[in-house]
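The values are calculated or read from the model by the stated rules, or taken from the named source; none is laboratory data. All values reported here derive from a predicted model rather than from experimental measurement. Glycine also receives a Cβ, built like all others from the backbone with ideal geometry; neighbour counts cover every protein chain displayed.
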Amino acid sequence: MASTYLEEWIPRTRVGMLVKEGKITSIDRLFELNLPIREVEIVDYLLPGIKHEIVNVNLVQKQTDAGEISRFQVMVVVGDENGHVGIGIGKARQIRMAIEKAIVDAKLNIIPVRRGCGSWECSCSEPHSVPFKVTGKAGSVRVTLLPAPKGVGLVAGEAAKVVLRLAGIRDVWTRTKGETRTTINFVKAVYNALKNTYRFKHPREW
């Protein structure tokens, strides 16, 4: 069914056309060329094995002239467990529609994650952790990711574990500050920390 859906896809952007024509065959190539992803089919085409997990569901209410309108707000994390992750939020009166909107939003927000082995206790040169210390912020929440040796696992909150696992991180220590019970800001802070792994080049890449 997925292949039929992609075969029937008619690209609306230049990037979509390049992907559909087979001129771009890797999502990393899009990031290298700094090309924007404006069609969810691009991600489905280049990352066919992408997974998603729901990390937060809220019931939000809006006051209108006709009275109160209740809608579901869903936050979803997507990733291929191999260096790519995205987060998205969707709102709708039906929870299924909210989930679908959140998945689309997350795929459009997908980013590359630089992985490595930055722990002096390990130095195995395998991409199982983060290559260096990185920090991300969102609202009052500040999350710092620290390289960990093999076998440590994901020492983090449950919502953060989902983001890290789908990004392909297997071992990491975390330090958090702020109101981490606010799941949306907590997840965004972890996402921003992973995004910052590409703000610096590792000495091996010089």
Pick out, from region 119-206, the strands (runs of 3 or more DSSP E) lying fully within it that include 3 or more residues that are touching a residue at least 40 places away in the same chain (Cβ under 8 Å). 134-138, 141-147
Could you please let me know if residue 98 is buried (at least 18 other Cβ atoms within 10 Å of the Cβ), within 25 Å of residue 57 (Cα to Cα) and not assigned by TED's automatic domain parsing to the domain that holds residue 55? no
The lone condition residue 61 fails out of (1) without any contact (Cβ under 8 Å) to a residue 24 or more places away in the chain; (2) under 22 Å from residue 166 (Cβ atoms); (3) in contact with a strand residue (DSSP E or B) (Cβ under 8 Å, 6 or more places away or on another chain) is (2)
So if I check each of 131, 127, 147, which one is of a type outside the set (Phe, Trp, Tyr), surrounded by 17 or more Cβ atoms within 10 Å (Cβ to Cβ) and more than 25 Å from residue 47 (Cβ to Cβ)? 147
On the basis of being under 18 Å from the mean Cα position of the chain (by Cα), part of a helix (DSSP H, G or I) and either outside the structural domain of residue 196 (by TED's automatic domain parsing) or not hydrophobic (A, V, I, L, M, F, W, C) (or both), does residue 87 make the cut? no
When region 118-146 is examined, which residues are found to be at pLDDT below 85 and of a type outside the set (D, E, K, R)? 118, 119, 120, 122, 123, 124, 125
Might you check whether a residue that is within 30 Å of residue 93 (Cα to Cα), surrounded by 15 or more Cβ atoms within 10 Å (Cβ to Cβ) and in contact with an Asp or Glu (Cβ under 7 Å, 6 or more places away or on another chain) occurs anywhere in region 39-56? yes
From the option list 53, 41, single residue qualifying as outside any loop (DSSP other than H, G, I, E, B), touching a helix residue (DSSP H, G or I) at 6+ places or on another chain (Cβ under 7 Å) and farther than 22 Å from residue 75 by Cβ is 41
Report yes if residue 14 is at pLDDT 90 or above and over 21 Å from the mean Cα position of the chain (by Cα), otherwise no. yes
Any chance residue 52 is within 25 Å of residue 16 (Cα to Cα) and either of a type in the set (D, E, K, R) or in contact (Cβ under 8 Å) with a residue 24 or more places away in the chain (or both): yes
Note on residue 62: of the conditions (1) part of a strand (DSSP E or B); (2) among the basic types (Lys, Arg); (3) surrounded by 14 or more Cβ atoms within 10 Å (Cβ to Cβ), unmet is (3)
If you check residue 72 against the conditions, is it surrounded by fewer than 17 Cβ atoms within 10 Å (Cβ to Cβ) and either under 29 Å from residue 183 (Cα atoms) or within 20 Å of the chain's Cα centre (by Cα) (or both)? no
Just to be sure, is residue 156 touching a helix residue (DSSP H, G or I) at 6+ places or on another chain (Cβ under 6 Å) and crowded, with 16+ Cβ neighbours inside 10 Å? no
